[in-house]
1. Taking the stretch 79-107 only, how many residues are under 14 Å from R144 (Cα atoms), among the small types (G, A, S) and buried (at least 22 other Cβ atoms within 10 Å of the Cβ)?
2. Condition first: of a type in the set (S, T, N, Q) and touching a Pro at 6+ places or on another chain (Cβ under 9 Å). Now tell me which residues in the stretch 10-50 satisfy that.
3. Given A82, A64, which one is at negative phi and not β-branched (V, I, T)?
4. Do any helices (runs of 4 or more DSSP H) entirely within the stretch 74-166 hold 1 or more residues that are closer than 28 Å to K51 by Cα and out of contact with any His (no Cβ under 7 Å at 6 or more places or on another chain), and if so, which?
5. So how many residues does the stretch 93-113 have that are of a type in the set (S, T, N, Q) and under 12 Å from the mean Cα position of the chain (by Cα)?
6. Please go through the stretch 40-60 and pick out each residue that is in a helix (DSSP H, G or I) and surrounded by 14 or more Cβ atoms within 10 Å (Cβ to Cβ).
7. Quick check, is V32 in contact (Cβ under 8 Å) with a residue 12 or more places away in the chain, touching a Gly at 6+ places or on another chain (Cβ under 9 Å) and either surrounded by 15 or more Cβ atoms within 10 Å (Cβ to Cβ) or farther than 27 Å from G136 by Cα (or both)?
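Coordinate-derived values only; no laboratory data. No experiment lies behind these values; they were computed from the predicted model shown. Using ideal geometry, Cβ is built from the backbone for each residue, glycine included, and neighbour counts are taken over all protein chains shown.
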Amino acid sequence: MEIIIQKGSLLEAEADAIVNPANSRGLMGGGVAGVIRKVGGEEIEREAVSKAPVPVGSAVITTAGKLPFRGVIHSPTMEEPAMRTTEEKVRASVRSALEVAEKEGFESIAFPGMGTGVGRVPKDVSARAMIQEIRGFSAKSLKRVILVDLDDDMVKEWEKALKDVT
């Protein structure tokens with residue numbers, strides 16, 4: 001599985017689906033989730049809330065609304081909105097998003113930094129955990145994982161982790 005690292009907007013990634021680092025309640029108030037809702041439409045949040053609660057370590061897919069994707073994968077990194085999270089929850093979130101993408105038969109998926117915003121996981125910790133989980137995932141349909149963020153430091157940490165993690 002190819003891992004591509006890009007600086008840019010998640011909403012402009014060339015992927016079948018994007019990942020929302022969600023909360024278990026499906027509420028899309030701030031951070032990446034808020035941007036997805038604002039640009040993609042309220043129907044994304046409505047559908048996510050209708051599927052809640054989604055435990056950390058699980059993920060659900062919803063419509064992508066006005067966004068050019070086949071779906072948005074909501075993969076909680078925290079139980080409640082704006083809650084501090086952990087490396088283990090980031091790992092579980094990445095795994096569950098990959099599992100949903102695989103189940104849907106997607107060939108490509110795009111992730112932002114997971115847990116690094118309101119979740120307050122250090123970017124280097126998140127980057128290493130994400131790369132390890134992606135590398136350890138046994139994919140059949142999934143061919144490409146895009147790691148994309150507007151934050152220069154997140155991009156640098158992914159690049160470093162990609163070199164360091166075997």
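1. Residues that pass the stated criteria total 2.
2. First, the residues of the stretch 10-50 that are of a type in the set (S, T, N, Q): 20, 23-24, 50.
Those that are of a type in the set (S, T, N, Q) and touching a Pro at 6+ places or on another chain (Cβ under 9 Å): N20, N23, S24.
3. Details: A82 fails: at negative phi.
Checking each option against the conditions leaves just A64.
4. Details: elements: 87-103, 123-136, 152-164.
Because the criterion is at least 1 residues that are closer than 28 Å to K51 by Cα and out of contact with any His (no Cβ under 7 Å at 6 or more places or on another chain), the helices (runs of 4 or more DSSP H) in the stretch 74-166 that meet it are 87-103, 123-136.
5. Within the stretch 93-113, the first condition is being of a type in the set (S, T, N, Q), and the residues that meet it are 93, 96, 108.
Among the residues that remain, those that are also under 12 Å from the mean Cα position of the chain (by Cα) are: 93, 96.
Result for the stretch 93-113: 2.
6. First, pick out the residues of the stretch 40-60 that are in a helix (DSSP H, G or I): 40, 42-50.
Correct list: G40, E43, I44, E45, R46, E47, A48, V49.
7. Numbers: in contact (Cβ under 8 Å) with a residue 12 or more places away in the chain: yes; touching a Gly at 6+ places or on another chain (Cβ under 9 Å): yes; either surrounded by 15 or more Cβ atoms within 10 Å (Cβ to Cβ) or farther than 27 Å from G136 by Cα (or both): yes.
Spelling it out, V32 is indeed in contact (Cβ under 8 Å) with a residue 12 or more places away in the chain, touching a Gly at 6+ places or on another chain (Cβ under 9 Å) and either surrounded by 15 or more Cβ atoms within 10 Å (Cβ to Cβ) or farther than 27 Å from G136 by Cα (or both).
Conditions (1) of a type outside the set (A, V, I, L, M, F, W, C); (2) more than 18 Å from S24 (Cα to Cα), marked per residue:
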position	(1), (2)
E87	yes, no
K103	yes, yes
R120	yes, no
K123	yes, yes
R128	yes, yes
A139	no, yes
L162	no, yes
